[in-house]
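The structure appears right after this line, and notes come after that.
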Amino acid sequence: MPMQKITPFLWYAKEAEEAAAFYTSIFPDSRVVRVNAMQAESPSGPPGSVKVVDFELFGQPFTAMTAGRMDPFNHAVSFMVNCDTQEEVDRYWDGLLQGGGQPEACGWLKDRYGVSWQIVPAVLLQMMGDPDKAKARRTAEAMMKMVKLDIATLQAAYSGNTR
């Protein structure tokens, strides 16, 4: 199988293996592929202390590294999970909040490692992109009032049926 040209790479102070196991427990078609300990001295520590973890989420390759403190995760980069049903929204939202994650506004959350995620119903992007500006505006206004996104409420706003 050819290597993907672009792979998200996440730097953790010390939790790369733990984080990869956590994420792969939440999403289907996910697995830890390998864990390699760097066998050379590095600025991050002695041989064996830096670990690189290759894993897949929904079949998408990711790499994580345990290499000591560096820059913290922030909102400038997030992972958007497109969900087909409210059940998916609920499952991924609840899963990523386990163990100390923090819910935020408009479908955003930070997991217990500080990584930002957007748990988004796929239909939201269609509704907000509707050429009917009134429908798109009502949808966006409803979304702006939410923490976890609710498909039925978004659809009601889109249709003009307030709940």
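The values are calculated or read from the model by the stated rules, or taken from the named source; none is laboratory data. Quick caveat, the model's predicted, so the values are computed rather than measured. Glycine also receives a Cβ, built like all others from the backbone with ideal geometry; neighbour counts cover every protein chain displayed. Quick note on the areas: whole protein, heavy atoms, side chains included, nothing else; ligands and nucleic acids left out. Shrake-Rupley method; radii C 1.70, N 1.55, O 1.52, S 1.80 Å.
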In the list VAL53, VAL77, which residue meets the criterion of being of a type in the set (Val, Ile, Thr), in contact (Cβ under 8 Å) with a residue 24 or more places away in the chain and under 15 Å from TRP117 (Cα atoms)?
VAL77
For VAL147, only one of the following conditions fails: (1) assigned to a helix (DSSP H, G or I); (2) surrounded by fewer than 14 Cβ atoms within 10 Å (Cβ to Cβ); (3) of a type outside the set (Phe, Trp, Tyr). What is its number?
(1)
Checking LEU109 against (1) more than 20 Å from LEU149 (Cβ to Cβ); (2) open to solvent by less than 30 Å² (accessible area, probe 1.4 Å): exactly one of these is not met. Which one?
(1)
Unmet requirement for TYR23, which otherwise passes all of (1) touching an Asp or Glu at 6+ places or on another chain (Cβ under 7 Å); (2) under 29 Å from VAL123 (Cβ atoms); (3) of a type in the set (Ser, Thr, Tyr)
(1)
Residue match in region 26-34 (condition: part of a strand (DSSP E or B), open to solvent by 50 Å² or more (accessible area, probe 1.4 Å) and farther than 27 Å from CYS83 by Cβ):
yes
I'd like to verify a number: residues in region 1-25 that are assigned to a helix (DSSP H, G or I) and among the β-branched types (Val, Ile, Thr), how many?
1
Please work out which one of (1) closer than 21 Å to TRP93 by Cβ; (2) out of contact with any Asp or Glu (no Cβ under 9 Å at 6 or more places or on another chain) is the condition LYS135 fails and give its number.
(1)
Under 7 Å by Cβ, and 6 or more places apart or on different chains, what pairs join a residue from region 122-134 that is closer than 13 Å to GLN155 by Cα and part of a helix (DSSP H, G or I) with one that is charged (D, E, K, R) and open to solvent by 30 Å² or more (accessible area, probe 1.4 Å)?
ALA122/ASP84; MET127/LYS135
